[in-house]
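The structure appears below as structure tokens.
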Ligand code: PHB
């Protein structure tokens with residue numbers, strides 16, 4: 001079966017769906033396909049922190065105002081080291097905040113908005129592919145649940161198909177920059193009340209821990225572990241004593257414990273693929289870049305790509321013509337590399353690598369003292385964490 005649309009999008013995660021939504025508002029048609037079902041995507045737990053700009057795009061484009069009702073506004077974070085908490089006051093330093101609103105909720109809001117507006121989103125397909133991307137008649141193809149092959153002729157195609165992207169392979173000479181880290185995060189979900197009002201990023205001689213949240217009775221916590229850690233080998237007691245040791249301090253902070261209902265090991269990797277566009281194919285989100293989870297930039301970066309991409313596509317498919325597509329890679333990459341640096345910097349400042357020496361340990365405490373002890377240092381962190389204003 002063969003049909004046509006303006007923009008073919010591979011990947012119905014937050015990046016693909018937000019793009020389809022913004023294009024719809026600009027009067028541009030799209031077809032979105034994903035090999036996962038809606039239920040599978042809803043069960044993927046990812047980070048939970050939205051920059052102000054990410055909240056704004058959801059609310060201003062009419063996706064949903066649920067993020068305003070159910071999201072929790074955080075005006076700062078605690079950096080904890082040497083057993084003492086140091087608050088970074090985002091609101092006071094840069095007049096910005098973040099919102100705790102898990103990625104799954106963003107996905108649900110976007111999927112509902114597309115359904116409400118009659119969007120064409122096809123979940124649970126097989127063999128989603130793009131072809132003929134060098135010229136200006138690219139094709140999106142897939143096989144449906146009944147085994148029928150479909151091709152959709154497009155003006156442009158977008159790869160929003162995640163870190164294991166198929167579409168990325170269609171870019172000849174793609175350059176992939178990457179960095180591995182010799183550790184990972186052990187993440188848990190626990191049925192317990194929050195242990196603190198805001199997020200705590202703790203560095204201790206036992207290693208890093210992050211105390212995050214989800215709701216009044218469900219919390220997300222992480223601690224640094226080996227890259228090949230087996231989560232099932234840990235008893236609940238051992239997990240709690242590891243977490244507690246890493247946040248112990250002079251204020252007697254005690255984590256509120258509850259049943260551990262989920263545990264996963266999260267890999268640590270930084271990657272950037274360049275260019276983000278070849279011919280009629282454009283990449284967005286994890287398909288083009290991934291960041292380690294420290295600082296929660298992954299989803300925010302994907303949404304920022306899409307804001308730029310929607311604007312570029314609106315021009316390219318209008319009177320400006322396809323030359324407008326040339327703007328995408330340089331505009332998107334500006335923010336991508338800043339976020340790469342920030343995620344790398346937060347990661348290396350807060351974790352201990354196996355080959356680190358006492359020198360590294362002492363130097364890092366100096367770095368943390370500088371970041372928390374001076375307005376210039378804290379402002380640097382606050383600006384990057386809440387997201388750089390504007391989409392240059
Ligand atoms: C989370 O809540 O999952 C989370 C929060 C902050 C991070 C990473 C993950 O830096």
> With respect to residue 97, is the statement that it is under 18 Å from residue 3 (Cβ atoms), in contact (Cβ under 8 Å) with a residue 60 or more places away in the chain and either within 16 Å of the ligand (Cβ to nearest atom) or over 21 Å from the mean Cα position of the chain (by Cα) (or both) true?
Replying inline: no
>> Looking at the structure I just gave you, is residue 303 modelled with pLDDT under 95 and either within 16 Å of the ligand (Cβ to nearest atom) or within 20 Å of the chain's Cα centre (by Cα) (or both)?
In response: no
> When both residues are 6+ apart or on different chains and their Cβ atoms are under 8 Å apart, which pairs have a first residue that lies in region 174-196 and is over 28 Å from residue 239 (Cα atoms) and free of Cβ contacts under 8 Å to residues at least 24 places away in the same chain, and a second that is assigned to a loop (DSSP other than H, G, I, E, B) and away from the ligand (no atom under 13 Å from the Cβ)?
Replying inline: none
> For region 141-164, how many residues meet the condition of being within 19 Å of residue 302 (Cα to Cα) and crowded, with 20+ Cβ neighbours inside 10 Å?
Replying inline: 7
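Taking the conditions exactly as written (modelled with pLDDT of 95 or more, away from the ligand (no atom under 16 Å from the Cβ) and part of a strand (DSSP E or B)), does residue 270 satisfy them or not?
For residue 270, the condition - modelled with pLDDT of 95 or more, away from the ligand (no atom under 16 Å from the Cβ) and part of a strand (DSSP E or B) - is not met.
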> Which condition breaks for residue 215 when tested against (1) farther than 19 Å from residue 256 by Cβ; (2) within 14 Å of the ligand (Cβ to nearest atom); (3) surrounded by fewer than 21 Cβ atoms within 10 Å (Cβ to Cβ)?
Replying inline: (1)
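Taking the criterion of being away from the ligand (no atom under 16 Å from the Cβ) and at pLDDT 95 or above, would at least one residue in region 70-77 satisfy it?
No, there is no match, as no residue in region 70-77 is away from the ligand (no atom under 16 Å from the Cβ) and at pLDDT 95 or above.
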> Which condition number does residue 347 fail, the rest of (1) touching a helix residue (DSSP H, G or I) at 6+ places or on another chain (Cβ under 9 Å); (2) buried (at least 21 other Cβ atoms within 10 Å of the Cβ) being met?
Replying inline: (1)
> Which of (1) within 16 Å of the ligand (Cβ to nearest atom); (2) not assigned by TED's automatic domain parsing to the domain that holds residue 21 is the odd one out, the single condition residue 341 does not satisfy?
Replying inline: (2)
>> Take residue 54 and tell me if it is under 14 Å from the mean Cα position of the chain (by Cα) and not in a loop (DSSP other than H, G, I, E, B).
In response: yes
>> Could you go through region 25-44 and let me know if any residue there is part of a loop (DSSP other than H, G, I, E, B), surrounded by fewer than 22 Cβ atoms within 10 Å (Cβ to Cβ) and either within 18 Å of the chain's Cα centre (by Cα) or not assigned by TED's automatic domain parsing to the domain that holds residue 126 (or both).
In response: yes
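Listed residues 379, 372, 352; which is part of a loop (DSSP other than H, G, I, E, B), surrounded by 13 or more Cβ atoms within 10 Å (Cβ to Cβ) and either touching a residue at least 12 places away in the same chain (Cβ under 8 Å) or assigned by TED's automatic domain parsing to the domain that holds residue 297 (or both)?
352
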> Out of the residues in region 287-299 that are assigned to a helix (DSSP H, G or I) and buried (at least 24 other Cβ atoms within 10 Å of the Cβ), which is farthest from the ligand (Cβ to nearest atom)?
Replying inline: 287
> Do you know which residues across region 240-272 are surrounded by 15 or more Cβ atoms within 10 Å (Cβ to Cβ), under 26 Å from the mean Cα position of the chain (by Cα) and farther than 30 Å from residue 340 by Cα?
Replying inline: 260
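The values are calculated or read from the model by the stated rules, or taken from the named source; none is laboratory data. Just so it is clear, the model here is predicted, and its values are computed rather than measured. For neighbour counting, all protein chains shown are included, and Cβ atoms are generated from backbone atoms with ideal geometry for every residue, glycine included.
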